[in-house]
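Student: Got a structure for you, written out below as structure tokens; questions coming shortly.
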Amino acid sequence: MDLIRRNTDYALRLVVALATQYNTGKVLSSRTLSQQNNVPYPLACKLLQKYQQAGIIKSTMGPKGGFGLVRRPLEITFLELIEIIQGPIRANRCLLGTFVCPMQERCPLHPKLADLQEEIERHLRNTTLAEMIVPQNNISDI
């Protein structure tokens with residue numbers, strides 16, 4: 001089982017490419033994003049649409065149109081980007097809020113899996129899009 005699915009990997013590549021253009025104000029077309037990031041064009045369009053609906057990116061129509069970030073890369077976490085595409089990441093089904101395991105109260109694995117889940121979420125919540133495009137010491141610039 002992959003924690004980050006293939007479509008999510010593609011989507012992250014697309015939004016990182018947009019983040020590299022954030023300070024320039026330049027927009028990138030879905031065709032350009034697709035080609036530069038080796039993402040099938042129809043899938044790139046669907047993924048970009050999900051980010052647009054979530055308010056992460058905006059589109060500009062016209063011959064010089066394309067996509068750009070709405071918020072600063074420093075304000076966008078990987079957890080947010082991942083959950084928009086694939087929903088919540090869970091290390092195990094017993095950690096889903098809707099699943100009730102009959103062993104939950106006495107399961108020796110549950111505490112360790114819950115710790116792992118918290119660590120994964122903490123790491124993704126503390127990793128921003130800005131970290132993918134600039135060295136750590138210049139992050140406040142974007």
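Student: Which value, in Å to one decimal place, does the Kirkwood hydrodynamic radius take for the chain when every pair of different Cα atoms is included?
Tutor: Computed over Cα pairs of the chain, the Kirkwood hydrodynamic radius comes out at 16.6 Å.
Student: Quick check: Cα centre of segment 12-42 to Cα centre of segment 67-88, how many Å?
Tutor: Segment 12-42 and segment 67-88 have Cα centres separated by 14 Å.
Student: Same structure again: Could you please report the charge total around S29, scoring K, R as +1 and D, E as -1 over all other residues with beta-carbon less than 14 angstrom from its beta-carbon?
Tutor: Around S29, the surrounding residues sum to +4.
Student: Are there any helices in the chain, counted as whole DSSP H runs, that stretch 15 Å or more along their axis by Cα and score at least 0.0 on average by Kyte-Doolittle, and if so which?
Tutor: Those that pass (Cα extent of 15 Å or more, hydropathy at least 0.0) are 6-20.
Rule-based calculations on the coordinates, nothing more; no lab input. All figures in this text were calculated on a predicted structure; none of them were measured in a lab. A quick note on method: Cβ atoms are made from the backbone with ideal geometry, for glycine too, and the neighbour counts reach across all protein chains shown.
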